[in-house]
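This is the structure, below, for whatever I ask next.
The values are calculated or read from the model by the stated rules, or taken from the named source; none is laboratory data. Bear in mind the structure is a predicted one, so any value in this text is a computation, not a measurement. In this analysis, Cβ positions are derived from the backbone assuming ideal geometry, glycine residues included, and neighbour counts consider all displayed protein chains. For accessibility, only protein heavy atoms count, side chains too; no ligands or nucleic acids. Shrake-Rupley method; radii C 1.70, N 1.55, O 1.52, S 1.80 Å.
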Amino acid sequence: MSASTENFIKVNFSLPDHTNELAKAEGCIDKIKTKFESHQKFKNITDKSHTSLYEEIVRVLDYVGHLSVPAFKIEEELEAMYVMQFKHAPSLAKKLWLDHYDYLHRPYTLLKNRCYRLLEDLDNEYISLYDCNPPNWNI
């Protein structure tokens, strides 16, 4: 994102500060990644270890998703504010609104994307070892 926050409308939505919770989630992701890399290094992933890692990743993903809910709830209000502020320039209103909205979601999105990448890497590792679908694909 190239937009500067100085162009954003100054508004207080009283969104919670999840800095500590996001740091906790990031720590969990790092621990899971370390476990996965160990399995990857020794090529010893099993159905049980795959399922365990999969469930751990999904729990973190769910946790971060729940943390991001307040940022989703302000979408329409934020959009309306930009549309009102920039009636003369709808395309600018849309760009600034989307940039602001992305900015609010960025900390959550980064961690969710790390979880999704880990899930993909986990499945790909299993497939490369056993040449078949991992256990979570049967759900």
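With a sphere of radius 15 Å drawn around the Cβ of residue 98, what net charge do the other residues whose Cβ falls strictly inside it have (Lys, Arg +1; Asp, Glu -1)? Please list the in-between numbers first.
Values: positive: 94, 95, 106; negative: 75, 76, 77, 79, 99, 102.
Residues close to residue 98 contribute a combined charge of -3.
Take residue 43 and residue 91, extend 7 Å from each Cα along the Cα→Cβ direction, and tell me the distance between the two endpoints in nm.
For the pair residue 43/residue 91, the computed spacing is 5.5 nm.
Related question: Go through 126, 63 and list them by solvent-accessible area, largest first, probe radius 1.4 Å.
Correct descending sequence by accessible area is 63, 126.
Rounded, prolate or oblate: which one fits the stretch 53-114, using the alpha carbon gyration tensor with axes a ≥ b ≥ c (rounded when a/c is under 1.5, else prolate when a/b beats b/c, else oblate)? Mind showing how you got there, number by number?
Details: a/c = 5.29, a/b = 2.92, b/c = 1.81.
Taking the square roots of the gyration eigenvalues as a ≥ b ≥ c, the stretch 53-114 is prolate.
Continuing with the same structure: Would you work out which of 19, 51, 98 lies farthest towards the positive end of the dipole of the chain? Charges go on Cβ: Lys and Arg +1, Asp and Glu -1.
19
Can you spot the aspartates and glutamates whose alpha carbon is less than 14 Å from residue 43's alpha carbon? Ignore those fewer than 8 places along the same chain.
Correct list for residue 43: 121, 123, 125, 131.
Where does each of 107-113, 129-135 land if you order them by average Cβ count within 10 Å, highest first? Don't skip to the end; give the middle numbers.
On the way: 107-113: 16.9, 129-135: 13.0.
The peptides rank, most packed first, as 107-113, 129-135.
Further question on the same structure: Which shape class, rounded, prolate or oblate, goes with the chain when its Cα gyration tensor gives a ≥ b ≥ c as root eigenvalues, a/c under 1.5 marks rounded, and past that a/b bigger than b/c marks prolate?
On the way: a/c = 3.21, a/b = 2.59, b/c = 1.24.
Prolate shape, in that a/c is at least 1.5 and a/b is the bigger ratio.
Checking the table 73/112; 10/95; 35/73; 24/94; 10/112; 10/94 against a 25 Å threshold on Cα-Cα, which pairs fail? Write down the numbers at each step before the final one.
On the way: 73/112 18 Å; 10/95 16 Å; 35/73 35 Å; 24/94 34 Å; 10/112 27 Å; 10/94 16 Å.
In this structure, 35/73; 24/94; 10/112 lie more than 25 Å apart at Cα.
May I ask you to give the solvent-accessible area per residue for the stretch 21-102, in square angstrom, as obtained with a 1.4 angstrom probe?
Per residue, the stretch 21-102 has an accessible area of 63 Å².
Now for a different question. How large is the helix-only mean residue ellipticity at 222 nm for the chain, computed as the sum of -39500 (n - 2.57) over DSSP H runs with n ≥ 4, divided by its residue count, in deg cm²/dmol to the nearest 500?
Values: 4 runs with 103 residues, N = 139.
For the chain, the value works out to -26500 deg cm²/dmol.
Here is a follow-up. For residue 103, put the label point 7 Å out on the Cα→Cβ axis and report which residues of the stretch 9-50 keep their amide N under 18 Å from it.
Flagged as within label range: 9-19.
Could you tell me which trypsin sites (Lys or Arg not before Pro) in the stretch 3-51 are loop residues by DSSP with no more than 10 other beta carbons within 10 angstrom of their beta carbon?
Details: sites: 10, 24, 31, 33, 35, 41, 43, 48; in loops: 10, 43.
Passing sites in the stretch 3-51 are 10, 43.
May I ask for the net charge around residue 121, where only other residues with Cβ less than 11 Å from the Cβ of residue 121 are counted and Lys, Arg are +1 while Asp, Glu are -1? Before the final figure, lay out each step's value.
Working: positive: 33, 114, 117; negative: 37, 120, 123, 125.
Residues near residue 121 contribute -1 overall.
How would you classify the stretch 78-139 from its alpha-carbon gyration tensor, with a ≥ b ≥ c the square roots of the eigenvalues: rounded for a/c under 1.5, else prolate if a/b is greater than b/c, otherwise oblate? Don't skip to the answer; put the middle values down first.
On the way: a/c = 4.80, a/b = 4.04, b/c = 1.19.
Prolate shape, in that a/c is at least 1.5 and a/b is the bigger ratio.
Right, another one. Rounded to the nearest percent, how much of the accessible area of the chain (1.4 Å probe, protein heavy atoms only) is carbon and sulfur? Mind dumping the intermediate values first?
Numbers: 4720 of 9040 Å².
The computed percentage sits at 52.
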